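Down below is the structure, laid out as structure tokens.
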Amino acid sequence: CSSFLTDISSPETTVTVGSQTYARDEMTNVTPHILSKVGSNLHNRKYHPLNLLKQRIRDHFYKNYVKPRGNPIFTVVDDLPPVVTIEQCFDSLLTPKDHVSRKPSDTYYVNRHHVLRTHTSAHQSDLIRMGCDQFLVIGDVYRRDTIDKSHYPVFHQCEGVRLFTERELLISKFSEQDMEGLTVFEQGPRIPAKQAPHTQDAVVLLEADLKWTLTRLAHDIFGKDIETQWVDCYFPFTHPSWELEIKYKGEWLEVLGCGVMEQEILNEAGAGNKVGWAFGLGLERWAMKMYDIPDIRLFWSQDSGFLSQFRVDDANTPIKYKPVSVHPQCYNDISFWIPDNYTENDFYDLVRGLGSDMVEQVELIDNFTHPKKGRTSHCYRITYRHMDRAVHQEEANKIHALITEAAINNLAVEVR
Ligand code: FA5
Ligand code: MG
């Protein structure tokens, strides 16, 4: 309420995103709610499902695409700030001036020069100009989209780009002799199947390599039984273009867009002697399928019932999400000095035994060794919640007292 009053009495002239401050103007439409999400970087947060998926994708590319000496060919960039210029987000990608994606009804403008990136494609040109020929960009993206089970105004994308010289592309499929007479560039017509400067051969090879790369990734992440289909589509920055859809809960779900990069983008970025493909996939959609997460809003959950299911140190651990109780949780902490023969699992078992289906999580939140006495104390937070009914604090307190008593009697701990 007080901030609402200050807004009226002294209209803000700047807008702060992360550590940067920008001048507000007539285009500014970012909201405090959206700005509060900037910097969350869920894809870089340890134990978050989007971070686990990021690791899986990165490892897939590192392992399967290597130079002769074994080092990965793809560079991975996952820490670029989400404020980009209109030039980066739209102009460099040949997005027409009247394209819907530029409209303030669809895009969050910081001011007339800057937007919250609407896709990770915004970084394609810069990275190519810097000399990157194969890269992945992972980051948060922002759109004034509807909110439902599979759409959220902040989500995460993984961009992939791979460029080839004429020789690199041809050698991937042909022997030296068979390559004779084949080219990737020509001055032909632009038709639905190809751009003017590309030969049909170039497009056939690029399409095959792109679809093979993405199918292989999908098989690695989801398993080989997954149902997929390719759909023709349009992007200003690729031609021809496709979307990949996968079967999810009986319906087709679009999980990525991709295509043969517009040659003009490569020419502008100083890579006119190369051809390439690009893709952009929605991390949340992939994670929903991979972990059986039914609603995209859950990725923003701070609820330990959600987050604790993804606490694994190996990103390859198979996880199937189990719905969290709709009832509220409450918690109690317990601190004690541990005896010499103590193991944490003894305490976890004791809590599970006494709390059974009322305990959602037990977590070691403090581990302290007294500098003089050399004794160690542990503090655990026990979260109480039942799947079918509300657990009230008094009820939790009663179980907590039983747990405390049992810990003293059975584990010989000394409560602090
Ligand atoms: C793009 O963003 C293109 N930049 C992708 C691309 C890159 C095409 C490179 C060609 C070359 P699109 O708007 O379709 O395309 O979004 C890509 C993916 O992001 C979608 O397939 C979907 O998986 C995901 N996505 C799109 N909108 C949302 C949303 N509101 N919430 C969650 N995921 C979304
Ligand atoms: Mg799309």
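The values are calculated or read from the model by the stated rules, or taken from the named source; none is laboratory data. Nothing here was measured: the structure is a model prediction, and the numbers come from that model. In this analysis, Cβ positions are derived from the backbone assuming ideal geometry, glycine residues included, and neighbour counts consider all displayed protein chains.
General observations
- Scope the stretch 63-122; condition closer than 20 Å to residue 239 by Cβ and touching a residue at least 60 places away in the same chain (Cβ under 8 Å); matching residues: 92, 93, 94, 95, 96, 99, 119, 120, 121
- Residue count, the stretch 100-150 (criterion: hydrophobic (A, V, I, L, M, F, W, C) and closer than 30 Å to residue 66 by Cα): 10
- Of all residues in the stretch 368-394, none that is at positive phi has its Cβ atom under 6 Å from the Cβ atom of a residue that is modelled with pLDDT under 90, 6 or more apart or on another chain.
- Criterion violated by residue 248 - all others in (1) within 26 Å of residue 99 (Cα to Cα); (2) within 16 Å of ligand 2 (Cβ to nearest atom) satisfied: (1)
- Residue that is surrounded by the fewest Cβ atoms within 10 Å (Cβ to Cβ) [pool: residues in the stretch 269-296 that are within 13 Å of ligand 1 (Cβ to nearest atom) and of a type in the set (Phe, Trp, Tyr)]: 277
- Qualifying residue in the stretch 39-58 (condition: crowded, with 16+ Cβ neighbours inside 10 Å, assigned to a loop (DSSP other than H, G, I, E, B) and either in contact with a Leu (Cβ under 9 Å, 6 or more places away or on another chain) or modelled with pLDDT under 95 (or both)): yes
Here's the yes/no breakdown for (1) surrounded by 19 or more Cβ atoms within 10 Å (Cβ to Cβ); (2) at pLDDT below 95; (3) more than 15 Å from ligand 1 (Cβ to nearest atom):
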position: 100; (1), (2), (3): no, yes, no
position: 106; (1), (2), (3): no, yes, no
position: 114; (1), (2), (3): yes, no, yes
position: 117; (1), (2), (3): yes, no, no
position: 124; (1), (2), (3): yes, no, no
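- Qualifying positions in the stretch 58-79 - aliphatic (A, V, I, L, M) and touching a helix residue (DSSP H, G or I) at 6+ places or on another chain (Cβ under 6 Å): 76
- Checked against (1) buried (at least 22 other Cβ atoms within 10 Å of the Cβ); (2) in contact with a Leu (Cβ under 9 Å, 6 or more places away or on another chain), residue 266 passes all but condition (1).
- Each residue in the stretch 290-316 was checked for being part of a helix (DSSP H, G or I) and either without any contact (Cβ under 8 Å) to a residue 24 or more places away in the chain or more than 16 Å from ligand 2 (Cβ to nearest atom) (or both), and 13 pass.
- Looking across the stretch 336-372 at every residue that is over 25 Å from residue 306 (Cα atoms) and not in a loop (DSSP other than H, G, I, E, B), the one that is farthest from the chain's Cα centre (by Cα) is identified as 337.
- Among the candidates 264, 284, residue that is at pLDDT 95 or above, within 16 Å of ligand 2 (Cβ to nearest atom) and assigned to a helix (DSSP H, G or I): 284
- Among all residues of the stretch 135-153, there is at least one that is within 16 Å of ligand 2 (Cβ to nearest atom), farther than 24 Å from residue 114 by Cα and outside any helix (DSSP H, G or I).
- The residues in the stretch 10-38 that are part of a loop (DSSP other than H, G, I, E, B), closer than 21 Å to residue 299 by Cβ and either in contact with a helix residue (DSSP H, G or I) (Cβ under 8 Å, 6 or more places away or on another chain) or at pLDDT below 95 (or both) can be counted, and the count is 5.
- Pairs, first of a type in the set (Ser, Thr, Tyr) in the stretch 237-263, second part of a helix (DSSP H, G or I) and more than 8 Å from ligand 1 (Cβ to nearest atom), C-beta under 6 Å, six or more apart: 248/289
- Here residue 253 meets each of (1) in a strand (DSSP E or B); (2) at pLDDT below 95; (3) away from ligand 2 (no atom under 16 Å from the Cβ) with one exception, condition (3).
- If you go through the stretch 214-225 and keep only what is in contact (Cβ under 8 Å) with a residue 60 or more places away in the chain and surrounded by fewer than 19 Cβ atoms within 10 Å (Cβ to Cβ), you end up with 216, 220, 221, 222.
- Being over 25 Å from residue 284 (Cα atoms) and at pLDDT 95 or above is a description that applies to residue 92.
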